[in-house]
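Take a look at the structure below.
The values are calculated or read from the model by the stated rules, or taken from the named source; none is laboratory data. This is a predicted model, so every value here is computed, not measured. Note that each Cβ is placed from the backbone with ideal geometry, even for glycine, and that neighbours are counted across all protein chains shown.
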Amino acid sequence: MPILAVNFDRIDAKNSGKGAANVNVSSTPRISSVKMHAGLLGIKNVVSIAYSFETNYQPEVGSLTIEGEVLYNSDGAKEIAEKWDKEKKLDDDMTVEVLNAIFRRCLAKAVEICSDVRLPPPMQFPNVVKNEAKK
């Protein structure tokens, strides 16, 4: 797997204090830049992919933003960075892999942070219900 790390640089969470009964929650990752990285523990050909992950609430009961970087190892690292500079685009397979990694890491952290600031979690958890015996 070419993803070496998904790091956090900034986390901003705020509860507006406006409670609501029905809240719609949506989370969106965005890639903001792709640059060559100096390398990591002797690993060469690494790109740093800066991202933001925003969780929005409707009605507006609060907000959560996570910013960070994904370190991605590829023999074509230079070409990846050059393509981003020209087109602001990554190859489809790479985009899917990077966005999935961002979702996994950020959603796990967001659940913890949202609990701390008393916001609804960014995803639904399964509910266990009592099985009523049939009569």
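For every residue, the table says whether it meets (1) hydrophobic (A, V, I, L, M, F, W, C); (2) exposed (fewer than 12 other Cβ atoms within 10 Å of the Cβ); (3) touching a Leu at 6+ places or on another chain (Cβ under 6 Å).
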position	(1), (2), (3)
Ser63	no, no, no
Glu67	no, no, no
Asn73	no, no, yes
Glu79	no, no, no
Trp84	yes, no, no
Leu90	yes, no, no
Asp93	no, yes, no
Ser115	no, yes, no
Asn127	no, yes, no
Does segment 49-95 hold any residues that are part of a strand (DSSP E or B), over 13 Å from Ser27 (Cα atoms) and polar (S, T, N, Q), and which are they?
Asn73
Quick one: would you say Val98 is of a type in the set (A, V, I, L, M) and either modelled with pLDDT of 95 or more or surrounded by 10 or more Cβ atoms within 10 Å (Cβ to Cβ) (or both)?
yes
For segment 11-25, indicate whether the set of residues that are modelled with pLDDT of 85 or more, within 27 Å of Ala81 (Cβ to Cβ) and under 15 Å from the mean Cα position of the chain (by Cα) is non-empty.
yes
Within segment 39-48, which residues are surrounded by 15 or more Cβ atoms within 10 Å (Cβ to Cβ) and either modelled with pLDDT of 95 or more or part of a strand (DSSP E or B) (or both)?
Val46, Val47, Ser48
Among what's in segment 12-26 and is out of contact with any Asp or Glu (no Cβ under 8 Å at 6 or more places or on another chain) and among the polar types (S, T, N, Q), pick the residue that is nearest to Val61 (Cα to Cα).
Asn15
